[in-house]
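I have placed the structure first, in the form of structure tokens, so that the comments after it can refer back to it.
The values are calculated or read from the model by the stated rules, or taken from the named source; none is laboratory data. What you see is a predicted model; the values in this text were computed from it and never measured. Cβ placement follows ideal geometry from the backbone for every residue including glycine, while neighbour counts extend to all protein chains displayed. To get the accessible areas, we keep the full protein, side chains included, count just its heavy atoms, and leave off ligands, DNA and RNA. Shrake-Rupley method; radii C 1.70, N 1.55, O 1.52, S 1.80 Å.
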Amino acid sequence: MGDMANNSYSGVKNSVAEPNHEGEFGCSLKELRGLMELRGTEGIRKIQETYADVNGLCSRLKTSPVDGLSGQPADLEKRTIVFGQNFIPPKKPKTFLQLVWEALQDVTLIILEVAAIVSLGLSFYRPPEGTGGVEDEGESEAGWIEGAAILLSVICVVLVTAFNDWSKEKQFRGLQSRIEQEQKFTVVRGGQVIQIPVAEIVVGDIAQIKYGDLLPADGVLIQGNDLKIDESSLTGESDHVKKTLEKDPMLLSGTHVMEGSGKMLVTAVGVNSQTGIIFTLLGAGGEDDEDEEKEEKKKEKERKKEKKRVCPIVSLSFLSCVLLSCIAKAQDGAAMEMQPLNSDEGADAEEKRKANLPKKEKSVLQGKLTKLAVQIGKAGLVMSAITVIILVVLFIVNTFWVQGLAWEKSCTPIYIQFFVKFFIIGVTVLVVAVPEGLPLAVTISLAYSVKKMMKDNNLVRHLDACETMGNATAICSDKTGTLTMNRMTVVQAYIADKHYRRVPEPEVIPGSIMDLLVLGISVNCAYTTKIMSPEKEGGLPRQVGNKTECALLGFVLDLKKDYQPIRNEIPEEKLYKVYTFNSVRKSMSTVLKNPDGSFRMFSKGASEILLKKCYKILTATGEAKVFRPRDRDDMVKKVIEPMASEGLRTICLAYRDFPASDGEPDWENESDILTSLTCLCVVGIEDPVRPEVPDAIRKCQRAGITVRMVTGDNINTARAIATKCGILQPGDDFLCLEGKEFNRRIRNEKGEIEQERIDKIWPKLRVLARSSPTDKHTLVKGIIDSTVIEQRQVVAVTGDGTNDGPALKKADVGFAMGIAGTDVAKEASDIILTDDNFSSIVKAVMWGRNVYDSISKFLQFQLTVNIVAVIVAFTGACITQDSPLKAVQMLWVNLIMDTFASLALATEPPTESLLLRKPYGRNKPLISRTMMKNILGHGVYQLTIIFTLLFAGERMFDIDSGRNAPLHAPPSEHYTIVFNTFVMMQLFNEINARKIHGERNVFDGIFNNMIFCSIVFGTFVIQIVIVQFGGKPFSCVGLSIEQWLWCVFLGFGCLLWGQVISSIPTSRLKFLKTAGHGTQKEEIPDEELEDMEDLDEIDHAERELRRGQILWFRGLNRIQTQMDVVSAFQSGTSFQGALRRHPSSASQQHDVTNVSSPTHVAFSTATASNTASATYIYIYI
């Protein structure tokens, strides 16, 4: 990998070393970069040859391994200039003009533009004198206006769309930068341990690393305790790599600390770190590729530009192509499904990917919406085609048969003008029928919710999680910190044969036990854990680091002792061996070497686990007596169970001496080391339930969501806390299981997990105690895969530890803890709880349900407008040979119902009433029967009013009829009234659309949503301007006050009619159908399911595309892949990638994998033949 980086890397932008500073440090940027490309023994050899040891490297970089950098701004600035900043520049956002260009690609808009330009061109044509035109002179003068007005409307629509996209992009970049800003790392500066933003880390910093960290820069290990790193993001190797000063001290950015702790010297940051080099490589590759593409033939160019899927075998140079596929954002709408080439080489990677990644169904709402939009679009296309055909046929029959006119050559342009006009009407019907506002409504609703959710302490990382949360049926929550306050204190203790119900006075504890206790707690708690003075006077002391360890350190302070002098005397470097806490050990041990050559080990851990390893216990005299299994059982009954039943976490503290005469033990043989302990004491730690949690859990239960507690604590503690929270009620027939019992029940004789066995347990399970992260993953998977209940369960999971990653990934929505959570957990999650509080999850449920309801409100409104506008345009065109609503008017209506309505209805704030109903579930249709009743009911009212005005309006208002007007006739009052009334009805119906469950009071909470009020008012004002001053472009004539009042009154009738509709019980209307169902798995043909097996997600939207089309593309795709592979192997090092297109939605691919920020890239190379080397690259972007 190092060679590869050297070959392809030509220089780092933004970090060119200034010559005057270069000499100040004993090593150059290039030297350090070369060092970090070495691994294991090579790295150690290089350090020894060049710098003698790590301390030599520290002195060259002018830093102290103990005190770190001085922290003076001038020094930090100098380091930034010489070695670069810890920042990888993001991809440039699209400019507003690029977004405008993208918006212009809409097919319907292109058709309209072409038609408008043709109309514009033809309007300037004048037939020769004496041929007898179809219109008079005055009318033809204004012929250009309609074409120009349509072009103007198109420009408006495009600008609005582009602006929406631009603001959306800006919002998410803001969100991204907030996530990055919140990421802090612990460094030592001026002898003080401080937390600084990751971007401020410089070369020479001494960083403290611990379990769960994501390394922000490259570095060399100075001191480590049992340190294991997951380097799979860089090397593709899944095994954890043990890091020691003797064997492999090289630490790389973007890798995860899976176990242990330590200190590292930062040697490379930002674009100079290994991750940064790869990213710059990718960037450079992309530019090269673009240059080459320009030189390629046109055909080749087109083939390259298509977004394609990476083939399993590709040439070394495909970095450039990977960049293309990263940058090429998936098109909105469904993309073609492409199959990879099923080569043997690809099969292994494919299998590995399948094993690692669970198959999630894509966002339910998106699937339902796409399906519905495609169905509506098809119907609209048919209607618009019929409209055009009828108009053309009627015109030809009327002109050449009824009137008996001959086709004059000189009049051909005028006839064409008529046909263009008919075509424009047809396209306008299509524009109105196709609900292109749907994706906009979803985007606005989600973006608005995400912004507001940040105020409710939910930092949403994946947009669709917001909507999925509304369907949640189960929440598996951690106990510590989520349901409880995560502020732990020792409240009971069993010391020297006595159970103290409160912390004992120091005098009553024998001196020898006290010394051992204070020393053991001081050295056997992570040195990053400490108790700080309160921020405000009279406040509680601040707990920094692991909260259980904070409780123990607080216990030392309560005993009137201090742990800091001991830590100063025995710094972390002097600890002989540390076995850090992990989910398998459930304990932590630290070994000290005594001056006489003997060793003493202090251990702490879960009491029932550690007591089994104790064979002695200290008595009241300070002597050790034998501790038999019978004594242990007594202690469990009399001490541990009473503590646990009060909701206390019990921790055992023990020690062991290794005499010098026995020689040095084999520290790697843990089972022999962690035995024959002497018990010092057992403490009961209280972590009070958060005051707001019981109420939040009650809300969840009322909303049809089952809350389960999954904890590592013992079963009695868990049961006590679950009862306090309200998860368990007295007299309930629910299960509380320990991890061991749970595993025994769900596995068969062979030890395999069986779904049927899980199905017998999970519906009644409420508490899972002493559980490992694997148990958590098994439970979540079991609930999701279960078919016991008709409705598929949607599961949300909370997690904070590194090992919670798989469960967070598997869950429909993963919540990571913002305060206690590790970087690994945050990266695997969908939403980060910035306050670690369970009640914030309830807010997420409310927002999720609100998104769903907002979309339904918008749909109810839009479909009413759709049905009415299409029927009016269609029947009007058939009967009067002209659409009563002109093209420009239709575009205005389209703007009202798409952009404005989506803004107004998608920004409704949530209310508590959302939590009074059960979850909708995956199969619930978007349009319920109540909504269908509203749509059809309002459609009938509006059509009745419009047709009455259309065919009898001139008599009612005593005005001239607007029907059967010639081609470029001036606008009529008659058609202006029709248009105005239509818009007024939409405005009042928008208020009706605020309620979708049949509520009578449609004004309820309307002033809580100022966006809605301002949009309705704004639309009304613009409508007045259009009607009174729009003139010819809008085909409008100014109306009198009386006519205006009639229009508003007929519009207001919508609200009155709404009351009539809500009086009709939906249950009586059996004939009503629902619409917008999600696609059921059963509905998918077997052969399609087989095709989908290669995908991580089932994208229901894509199934709407014609199967034949997919097969056609797949055939072409395979031929093309094979050709690319052949040419790649022939050309060897040429920069031509074999990119293959992938479905738009698949967020995780086996070649290009979208995990989320921060970004990691991984390479593993294998040589294949002399001419070329095949490279697999796993990229996490």
- Message: What percent of all Cα-Cα pairs in the stretch 925-1008 falls into each 10 Å bin, going from 0 up to the bin containing the maximum distance?
- Response: 15, 35, 25, 17, 7
- Would you give the gap between the C-alpha center of the stretch 915-956 and the C-alpha center of the stretch 834-910, rounded to a whole Å? 12 Å
- How much accessible surface area, in Å² rounded to 10, belongs to the heavy atoms of Phe1034 with a 1.4 Å probe? 60 Å²
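How high is the FRET efficiency from Cys156 to Glu24, r the C-beta distance, R0 45 Å, rounded to 0.05? Mind dumping the intermediate values first?
Values: r = 59 Å, r/R0 = 1.32.
After rounding to 0.05, the efficiency reads 0.15.
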- Message: Give me, ordered by chain and number, the residues 5 or more places off Leu69 or on other chains with an amide H under 5 Å from its own placed amide H.
- Response: Ser64, Gly190, Ile206
- Interchain or sequence-distant (5+) residues whose placed amide H lies within less than 5 Å of the amide H of Ile209 are Gly262, Lys263, Met264
- Query: Is the shape of the stretch 553-595 best called rounded, prolate or oblate, per the rule: a/c under 1.5 gives rounded, else a/b larger than b/c gives prolate, else oblate, with a ≥ b ≥ c the square roots of the Cα gyration tensor eigenvalues?
  - Reply: oblate
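Which of the peptides 707-713, 624-630, 1015-1021, 454-460 is most tightly packed, and how do the rest follow, going by the mean number of other Cβ atoms within 10 Å of each residue?
707-713, 454-460, 1015-1021, 624-630
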- Message: Using a 1.4 Å probe on the protein heavy atoms only, what accessible surface does Glu37 show? Give it in Å² to the nearest 10.
- Response: 30 Å²
- Note on the structure: Applied in sequence order to the stretch 1020-1033, the curve 6.51 cos²θ - 1.76 cosθ + 1.60 (Karplus, θ = phi - 60°) yields integer Hz couplings, x standing for Gly and Pro, of 4, 5, 4, 4, 4, 4, 4, 5, 6, 10, x, x, 4, x
- Each residue of the stretch 546-561 in turn: what ³J(HN,Hα) in whole Hz from Karplus with 6.51, -1.76, 1.60 and θ = phi - 60°, glycine and Pro shown as x? 5, 6, 5, 5, 4, 4, 5, 5, x, 5, 4, 5, 5, 7, 6, 10
- Query: Under the classification rounded if a/c is under 1.5, otherwise prolate if a/b is larger than b/c and oblate if not, where does the stretch 662-785 fall, given a ≥ b ≥ c as square roots of the Cα gyration tensor eigenvalues?
  - Reply: oblate
- Query: How do the peptides 820-831, 589-600 rank, highest first, by the average count of neighbouring beta carbon atoms within 10 Å per residue?
  - Reply: 820-831, 589-600
- Calculate the dipole size of the stretch 849-954 relative to its Cα centre from +1 charges on Lys and Arg beta carbons and -1 charges on Asp and Glu beta carbons; express the result in debye to the nearest 20. 620 debye
- Cut-off under 5 Å, modelled amide H: who pairs with Arg708 long-range: Ile475, Cys476, Ser477
- How large is the dipole of the stretch 696-849 about the Cα centre if only Lys and Arg carry +1 and Asp and Glu carry -1, each at its Cβ, rounded to the nearest 20 debye? 400 debye
- Item | Phi to ³J(HN,Hα) by Karplus 6.51 cos²θ - 1.76 cosθ + 1.60 over the stretch 1059-1066, Hz, x for Gly, Pro | 5, 5, 4, 5, 7, 7, x, 4
- Message: What figure, in Å² to the nearest 10, do you get for the accessible area of Val54 with a 1.4 Å probe and non-protein molecules left out?
- Response: 20 Å²
- Item | Whether the stretch 485-585 is rounded, prolate or oblate, judged on the alpha carbon gyration tensor where a/c under 1.5 counts as rounded | rounded
- What is the distance in Å between the Cα centres of the stretch 547-571 and the stretch 643-666? 17 Å
- For the stretch 608-766, share of DSSP beta bridges that run antiparallel, in % to the nearest 5: 75 percent
